[in-house]
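Only the coordinates and a few stated rules stand behind these numbers; no lab work does. Every value quoted in this text rests on a predicted model; they were computed, and no experiment measured them. In this analysis, Cβ positions are derived from the backbone assuming ideal geometry, glycine residues included, and neighbour counts consider all displayed protein chains.
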Amino acid sequence: MRGSGPPLQAVHGESAVGPVGMARLWISPAGLPLPRALRLAAPASTGKLLDSRALFRPAMAQSLQPHPWRPGDPPPPWPPAAAPPLPLLIDSRLPLPPSEGLLAHLTPEERQRHGAYRLPADRLRFLLGRASLRLLLGHWLRQPPNAIPLLAGPHGKPHCPSPAAPAFNVSHSGDLILLAFHPAHPVGVDVERARPDLAWEPIARRVLDPAERTALHALPAADQVPAFLVAWCRLEARLKARGVGLGGAALPQEHDPGLEPHGSALVWEVRVPPGYAAAVALEAPSSRSHPPHGGEARGVP
């Protein structure tokens with residue numbers, strides 16, 4: 001049941017990252033503190049410094065391997081309450097069931113929303129994300145997928161009001177749909193497709209503080225866009241787990257605590273195919289009190 005269970009434990013040396021922040025200061029090769037949204041928490045016992053050029057492809061112990069899945073596959077078991085979130089990755093480039101069969105799992109309102117998308121790629125992403133979510137929840141809750149109640153939170157993020165349902169979040173970009181589940185704590189997820197020509201600096205000025213932007217500029221030019229995408233994904237995932245989303249967060253110069261990595265939020269990189277970046281975050285029980293709602297995943301502007 002969501003909100004119950006033992007305190008979440010970070011599994012250092014396996015797949016989890018410790019609480020972000022942890023009052024440790026990591027120094028980049030340029031001699032600058034690594035930015036808040038970019039630094040990776042390492043086990044306190046290691047005491048080693050992290051190279052900012054490794055941020056886009058972090059060490060395996062600092063990331064999660066998603067479970068490859070597609071509609072029709074057997075659902076995986078829930079993770080234990082003290083484990084990291086369960087990320088499931090759907091790659092629309094792989095063979096998939098016919099759309100007509102997937103549409104049958106949606107509600108009439110969702111089928112109408114599906115038909116309102118102008119671009120076929122947008123329709124496919126919505127269909128795969130929503131039908132997969134309903135299939136998984138239907139299996140775990142032992143209900144017909146299209147009968148699972150889904151409500152929209154204050155920032156548009158769907159959630160299931162059933163006390164037996166897991167917390168979940170969905171994000172999609174390009175060919176990938178990423179879902180994350182946890183049985184006890186609110187979860188946020190974000191995936192982004194890399195665009196080499198992305199004008200990241202105007203976006204960074206809106207969502208990152210000066211120290212973060214300075215650290216990004218200190219990287220080689222070829223690493224700046226990938227590192228920015230990692231920062232974006234980690235920030236978006238963390239805010240969605242906390243239930244605010246970027247649309248409801250204050251700008252960095254306003255020092256909104258929702259943008260701070262300190263506290264009990266846990267953040268992992270997610271290992272996705274080349275050309276993408278992704279992260280998942282979990283709000284541990286000692287964090288600020290928020291219901292498991294947050295903004296819908298949105299791409300980098």
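Yes or no: residue 201 touching a residue at least 40 places away in the same chain (Cβ under 8 Å), acidic (Asp, Glu) and either out of contact with any Asp or Glu (no Cβ under 8 Å at 6 or more places or on another chain) or closer than 21 Å to residue 281 by Cα (or both)? Let's see the steps before the verdict.
Details: touching a residue at least 40 places away in the same chain (Cβ under 8 Å): no; acidic (Asp, Glu): yes; either out of contact with any Asp or Glu (no Cβ under 8 Å at 6 or more places or on another chain) or closer than 21 Å to residue 281 by Cα (or both): yes.
Judged against the criteria, residue 201 is not a match.
Under the condition of being surrounded by 16 or more Cβ atoms within 10 Å (Cβ to Cβ) and assigned to a loop (DSSP other than H, G, I, E, B), the residues counted in the stretch 89-106 number 4.
Going through 195, 213 one at a time, which residue ends up being farther than 30 Å from residue 131 by Cβ and of a type in the set (Lys, Arg)? Working first, answer last.
Working: 195 fails: farther than 30 Å from residue 131 by Cβ.
Only one candidate passes the filter, namely 213.
Taking every residue in the stretch 70-95 that is within 20 Å of residue 240 (Cβ to Cβ) and pairing it with any residue that is of a type in the set (Ser, Thr, Tyr), at least 6 positions away or on another chain, the pairs with Cβ-Cβ distances below 7 Å are 84/15; 90/132.
Looking only at residues that are among the basic types (Lys, Arg) and closer than 19 Å to residue 70 by Cα in the stretch 111-127, which one is surrounded by the most Cβ atoms within 10 Å (Cβ to Cβ)? Break it down stepwise before answering.
Filtering the stretch 111-127 for residues among the basic types (Lys, Arg) gives 111, 113, 118, 123, 125.
Still in the running and closer than 19 Å to residue 70 by Cα: 123, 125.
On the way: 123: 16, 125: 22.
Ranking the candidates gives 125 first.
Mind checking which residues of the stretch 171-200 are assigned to a loop (DSSP other than H, G, I, E, B) and either within 11 Å of the chain's Cα centre (by Cα) or under 26 Å from residue 77 (Cα atoms) (or both)? Listed by number, the residues that qualify are 175, 183, 184, 185, 186. Condition test on residue 149, is it free of Cβ contacts under 8 Å to residues at least 60 places away in the same chain and either out of contact with any Ser or Thr (no Cβ under 8 Å at 6 or more places or on another chain) or not polar (S, T, N, Q) (or both)? Taking the combined requirement at face value, the residue satisfies it. Just one of the listed residues (124, 135) is within 22 Å of residue 76 (Cβ to Cβ) and assigned to a helix (DSSP H, G or I), namely 135. Of the residues making up the stretch 64-88, those that are assigned to a loop (DSSP other than H, G, I, E, B) and of a type in the set (A, V, I, L, M) are 81, 82, 83.
Conditions (1) small (Gly, Ala, Ser); (2) surrounded by fewer than 17 Cβ atoms within 10 Å (Cβ to Cβ), marked per residue:
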position	(1), (2)
70	no, no
76	no, yes
83	yes, no
87	no, no
109	no, yes
129	yes, no
139	no, yes
156	yes, yes
